[in-house]
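Below: one structure, written as C-alpha cells.
The values are calculated or read from the model by the stated rules, or taken from the named source; none is laboratory data. Everything numeric in this text was worked out from a predicted model, so none of it was measured. Virtual Cβ from ideal backbone geometry, glycine too; neighbours counted across all protein chains shown.
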Amino acid sequence: MNNQLSPEAKSDEHKNGEESSEPAPLTLPIPIDTHSVSLVLIAVLAAVFMLRWAMAIFIPLMLGVMISYALAPLVNQMRRWRIPNTIGAAVLLLGIVAGTGSLVYSLSDEATRLIETLPDAANKLRLANLKKTGTSDGAMESMQKAADKLEQAASEAGSSTPDTPRGVTRVQIEKPKLNIKEYLWMGTKGVVAFAGQLLLVLFLSYFMLASGDTFRRKLVKIAGPTLSKKKITLRVLDQIAEQIQRYLLVQIFTSLLVGVATWLAFLWIGLEHAAIWGIVAGVFKIVPYLGPIIVSSGTALFAFLQFETLSMVLLVSGIALLITSLEGYLLTPWLTGRASRMSPVVVFVSVLFWGWLWGLWGLLLGVPVIMIIKAICDHVEDLKPIGELLGD
C-alpha cells in the first residue's frame, strides 16, 4: 500500500496546518432562548399598556406607597412612645394636610397677583418685539392679519355662490357659540377629580401606615418553612425599606432646602413673588435635569419683565442654576448612600419614559419608581443583573 502523498495533498495539508495555527475568534457562551425573550417582551409591553390605561389608579397608589415609606419612621417613633399606629398616622397626615392648606392660603394672594401680571407680561413682550423689529406690526400680528384676510376672502367667496335651485334645501353650518357654563362645568369636574385623587392618596397612605409591619410579617410567613429562609427574607425586606426611606427622606430634605434657599436669594435680589418661585423650585427639583431648566427659564423670563436688563436676567437664572447644581452635585451624593445611586443615563431615560407615560406626575414619580425597582432588584438573586445595570 502506498503511503506517499501527492504534492497537491501535501500542499493542502500544509495550508490546513497554517489555518489551524490561527487563534479562534472569542465568543461569549451565553445561550439565548428566543421563546423566553419573546415572552418577556410581550409581558413588558402588556405592563406598559396597563400602566398607561390604569394611570388613574397607579398614580395615587404610587403616591400612597411613597408617602407611607417616607412617614414610616415617624410612625414607628410614635409607637415607641405608646401611641398606636392608627392615631399616629392620622395625626401626621392631618398635620401635613393642615400645614399645606395654610401655606396655600397664605400664598393665595401672591399667586393671584402673579397671575394678574401675565397680561402685562404679554404686553411687555409685544413691546419688546416691536422695539426689536422697528415696525408697527410684529410677526404674530402680521400672521393674524393675513389669517383675517384669508378668512374674509373665503367668506366672500362663499356668499357669492349662486342661488339655491328651487326645491333644494340649503344647509348652512354655524359654529357653536362659546358656552361659559360648559367651560365652568368642565373646570369643576377637573377640581372634583383632583380632590378625589387626593382623598384616595390620603386614605391609601393612612391604611399603609396604620397596618404597620403586617404585610412584612405575611411575606416572612409565606417565604418558606425553614427559619433561615424567614430570617433572610426579613433582612432583605428591612434593607429594601431602609434604602427607599433614606432616598425619599433625602429628596424631601433637599427639596425643602432648595425651596428655602431660592426664596431667600430671590428675596435678597428683589425679584417679585419670591415665595412662589421658591415653592416651584422645591417641587421641580425632584425632576432631574428638566426641573432646573424649567425653573431657571421661568425666573429669567419674569426677571426680564421686571428689571428689563440682561444683567439681572443672567443673575436670576444663574442663581437658580447654582443652587440646584450645588444640591445635585455636592449635597445629594453625600447624603445618599452608594447603594442608592443610579446611573445618570438611567435617570434621564426614566424621566423621559415616565413623563411620556404619566405626564407631569410621571416626571415627579419616575425617579422614585426606578429607585424602588433598583432596591428590590439589588436584594433578589435572580434580579441582581438588572440592579447592577440601573446602578451607578
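Numbers below:
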{"read-out": "Count of the stretch 353-366 residues which are part of a helix (DSSP H, G or I), within 8 Å of the chain's Cα centre (by Cα) and surrounded by fewer than 18 Cβ atoms within 10 Å (Cβ to Cβ)", "value": "1"}
{"read-out": "Pair list, Cβ < 8 Å and 6+ apart or interchain, from the stretch 201-216 residues that are outside any helix (DSSP H, G or I) to residues that are surrounded by 20 or more Cβ atoms within 10 Å (Cβ to Cβ) and among the aromatic types (Phe, Trp, Tyr)", "value": "none"}
{"read-out": "Complete set of residues in the stretch 261-283 that are within 30 Å of Ser343 (Cβ to Cβ) and buried (at least 21 other Cβ atoms within 10 Å of the Cβ)", "value": "Thr262, Ala281, Gly282"}
{"read-out": "Test set (1) surrounded by fewer than 16 Cβ atoms within 10 Å (Cβ to Cβ); (2) polar (S, T, N, Q); (3) in contact (Cβ under 8 Å) with a residue 60 or more places away in the chain - Ser325 fails condition number", "value": "(3)"}
{"read-out": "Val201 closer than 25 Å to Val65 by Cβ, modelled with pLDDT of 75 or more and of a type in the set (Val, Ile, Thr)", "value": "yes"}
{"read-out": "Close pairs (9 angstrom Cβ cut-off, 6 or more residues apart or separate chains): in contact (Cβ under 8 Å) with a residue 40 or more places away in the chain in the stretch 47-70, surrounded by 12 or more Cβ atoms within 10 Å (Cβ to Cβ) and outside any helix (DSSP H, G or I) anywhere", "value": "Met55/Gly359"}
{"read-out": "Selection within the stretch 257-311 - of a type in the set (Ser, Thr, Tyr), assigned to a helix (DSSP H, G or I) and out of contact with any Leu (no Cβ under 6 Å at 6 or more places or on another chain)", "value": "Thr262, Ser297, Thr299, Ser311"}
{"read-out": "Filtered residue count, the stretch 237-283, keeping only those that are closer than 23 Å to Leu103 by Cβ, in contact (Cβ under 8 Å) with a residue 40 or more places away in the chain and hydroxyl-bearing (Ser, Thr, Tyr)", "value": "2"}
{"read-out": "Residue among Thr117, Thr86, Thr112 that alone is more than 24 Å from the chain's Cα centre (by Cα), part of a helix (DSSP H, G or I) and modelled with pLDDT of 85 or more", "value": "Thr86"}
{"read-out": "Residue list for the stretch 190-210, restricted to those being within 29 Å of Val236 (Cα to Cα) and either surrounded by fewer than 16 Cβ atoms within 10 Å (Cβ to Cβ) or in contact with a Leu (Cβ under 7 Å, 6 or more places away or on another chain) (or both)", "value": "Val201, Leu202, Phe203, Leu204, Ser205, Tyr206, Phe207, Leu209"}
{"read-out": "Flag for Ile376 being in a helix (DSSP H, G or I) and either of a type in the set (Asp, Glu) or surrounded by fewer than 20 Cβ atoms within 10 Å (Cβ to Cβ) (or both)", "value": "yes"}
{"read-out": "Residue that is farthest from Val347 (Cα to Cα), among those in the stretch 284-299 that are small (Gly, Ala, Ser) and surrounded by 19 or more Cβ atoms within 10 Å (Cβ to Cβ)", "value": "Ser296"}
{"read-out": "Residue count, the stretch 226-266 (criterion: more than 15 Å from Trp277 (Cβ to Cβ) and among the aromatic types (Phe, Trp, Tyr))", "value": "2"}
{"read-out": "Qualifying residue in the stretch 27-35 (condition: part of a helix (DSSP H, G or I) and either at pLDDT 60 or above or under 30 Å from Phe194 (Cα atoms) (or both))", "value": "yes"}
{"read-out": "Single condition Ile222 does not satisfy, out of (1) at pLDDT 85 or above; (2) at negative phi; (3) of a type outside the set (Lys, Arg)", "value": "(1)"}
{"read-out": "Residue in the stretch 305-315 that is closer than 27 Å to Gly366 by Cβ, out of contact with any Lys or Arg (no Cβ under 8 Å at 6 or more places or on another chain) and surrounded by 17 or more Cβ atoms within 10 Å (Cβ to Cβ) present", "value": "no"}
